[in-house]
Structure formats: C-alpha cells, structure tokens
1. Output the residues belonging to the range 74-89 that are surrounded by 20 or more Cβ atoms within 10 Å (Cβ to Cβ) and over 19 Å from the mean Cα position of the chain (by Cα).
2. Just to be sure, is A187 out of contact with any Cys (no Cβ under 6 Å at 6 or more places or on another chain), within 28 Å of Q305 (Cβ to Cβ) and modelled with pLDDT of 90 or more?
3. Under 7 Å by Cβ, and 6 or more places apart or on different chains, what pairs join a residue from the range 12-30 that is in contact (Cβ under 8 Å) with a residue 60 or more places away in the chain with one that is of a type in the set (S, T, N, Q) and assigned to a loop (DSSP other than H, G, I, E, B)?
4. Among the residues of the range 26-36, are any in contact with a strand residue (DSSP E or B) (Cβ under 7 Å, 6 or more places away or on another chain), closer than 25 Å to I169 by Cα and of a type in the set (V, I, T)?
5. Could we say that F54 is under 22 Å from the mean Cα position of the chain (by Cα) and either among the acidic types (D, E) or over 20 Å from V32 (Cα atoms) (or both) here?
6. Kindly provide the set of residues from the range 91-116 that are among the aliphatic types (A, V, I, L, M) and in contact with a His (Cβ under 8 Å, 6 or more places away or on another chain), ordered by number.
7. Can you name every residue in the range 76-126 that is among the hydrophobic types (A, V, I, L, M, F, W, C), under 15 Å from V174 (Cα atoms) and in a helix (DSSP H, G or I)?
8. Test L98 against the criterion of being hydrophobic (A, V, I, L, M, F, W, C), closer than 23 Å to G198 by Cα and in contact with a Ser or Thr (Cβ under 9 Å, 6 or more places away or on another chain), and give yes or no.
Amino acid sequence: MSTAPAVQLSVVIPVFNEEANLPTLFARLYPVLDALQRRYEIIFTNDGSADRSFDLLRAQHAARPDVTRVIDFNANYGQHMAIMAAFENVRGEIIVTLDADLQNPPEEIPKLLAQIDAGFDYVGGFRLKRHDSFFRTFASKFVNFARSRMTSIEMTDQGCMLRAYKRPIIDAIVRSGAINTFIPALAYTFSSNPGEVGVQHDERLAGVSNYSLYKLIRLNFDLITGFTLAPLQLFTMFAMLSSAGSLALVAVLFYRRFALNLDRETFGVFTLFGILFFLLSVAMIGIGLIGEYVGRTYLVVRSRQRYFISRQLDTK
C-alpha cells in the first residue's frame, strides 16, 4: 500500500478582513511555492472576518484542494491565536508564517528557506526598508530597544511576521499552552540556533492595518510581561528610591521648619498632600504591574478554550 509523500513545507497565513488583498496574494503565492519543488501546504486561518474573506478562501480551496487548507474561527481572536490554531494542525517539517496584506512579499520566502537549509532552526525576517508611517516606525524601534534591554530575546525587527521555523520549534510552542503569547519571542526561547535575514517590505496593497494603537501597545506589553520579571524588578527598585527620596524630603522639610524656622506658611498640609499624591501614584503603578501578572496567571489556570473553530476545509 503506497503512502503520500510527507509534507515538507507549511505556510501559515492569518486572515482578517483581507478580501481586497486575497486575489493578489493567491496569484503571487502559489507560483512561488510551486517553483520550490517541495511538497507544501498552505493553511489560511480566517480570524472572524466580517467581509467576504472566507468566501474567497473557500473558492481558492476548491481551485487548489491539493495544497489548500482553511480554518474558520467563529469570532475574532487575534493574529497570534490564528497562527496558533494553524500550528496545531501543520504537517510540514518547515513552517513559514506570512501576513495576508502583502507587505512582506511571498517572493521572499525562498530567502528564509535557504537559511533553514543552512542549519538554522528559526529564521526571522527583518524589514530592509519600511513603508510605514513615521509613528509606526518610531514606535517599533522604541519597543525593540526596550525589549532588548529588558529581556534576553534578540530580534532586529519583532514586528515582521515573515518567519520560518523547524518543526520541533513549532511542537514546543504548541505544547507550551501559552494564552497571551508573542510567537516570535516564544520561538526564540526554544531555538538553539536562531538566525535572521533581511526581507523586502512593501506598502499595503489595499485596506488599512488591523493593528490599532491600543492593540500595538497591548501586544508589546504582553511581550515584556510574558518573558521577563524586569518590570516588577524595576518597579521595586523605583519604589525603594522613591521611599528614600520621600524620607529625605521629609527630613529637609523638618530641618527647614524647626532648625531654620522657615516655611511656616507652606509647611504642613500642602507638603503632606504633595508627598501623599506622589506615593499614591507610585503605589498605583505597582498595583497595575502586579495585576497584569496575576491576570496572566488567571488566564492560564482557568484553562478556558483559547478559540473556537467553526469549520475546516482540508486538502484532498
């Protein structure tokens, strides 16, 4: 009895309201993968799109059922959950993640595969020339800088989703059961030989970015709190310095009032208010940080299903 040859390459693509980009993505992606002469599959995860994205994915599955697979969420769970759902279903020995907006061209995939073939088990792309707004570019550089100082994760461009992984890395990510996770950073912690390669970055073909300012802040906060205790440690040091500064301020105020007989009118309630408000603000920051870590623990221990798959279209 003959068996089908093993899948060598899996391409994972999360999709959220990308009906304007999908036809061009199909037209460019499949020829690139066909030319690789590797047995491949493409897994699209429809992340609760409100447009015709799923209809287009279903039509593409009908056109190329040999290599096309579709996962359809019942609601929007976010890009990284869409990728995790695909990771739990991949068959390939090499897995590539790609956005559907074509800002990272599918023609760059062979660059990542060449690095994997050279011996790296995880290859991250970094955008050689970004076509984003000044704010997005500056914010990305700032967050990259903060992350590099607060964690041991070294990535030139954490916002680039064009990345390649060997299968053991993906298996480790799936087994981790992470709830709020930043997949590229998590993969880096499991990698024994990570690498990077520069890739082209184009302007978005159609539509607008699905990442609002809030989502970008939330994502990067998850990255920092999910991989290091540095925020709590920095807060502890800051609180100790603040306490020492407050004690010194009280000592100075008492010295000026009782030793030098100065500041009679201003000493008292307003000074205490100033000290109290400062210490309260420090305490509120600390409570917020502690709450973030406690909240992450709560999400893990309650063991609630991370997403719900309405339907799947598989290869034939």
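The values are calculated or read from the model by the stated rules, or taken from the named source; none is laboratory data. Quick caveat, the model's predicted, so the values are computed rather than measured. Here the Cβ positions follow ideal geometry from the backbone for every residue, glycine too, while neighbour counts run over all protein chains shown.
1. Passing the criteria: none in range.
2. Spelling it out, it is not the case that A187 is out of contact with any Cys (no Cβ under 6 Å at 6 or more places or on another chain), within 28 Å of Q305 (Cβ to Cβ) and modelled with pLDDT of 90 or more.
3. Taking only residues 6 or more apart or on different chains, the pairs are V15/S49; F16/S49; F16/N76; F16/N210; N17/S49; N17/N210.
4. The answer is no, given that none of the residues of the range 26-36 is in contact with a strand residue (DSSP E or B) (Cβ under 7 Å, 6 or more places away or on another chain), closer than 25 Å to I169 by Cα and of a type in the set (V, I, T).
5. no
6. None; the set is empty.
7. M81, A82, I83, M84, A85, A86, F87
8. So L98 does not fit the description; no.
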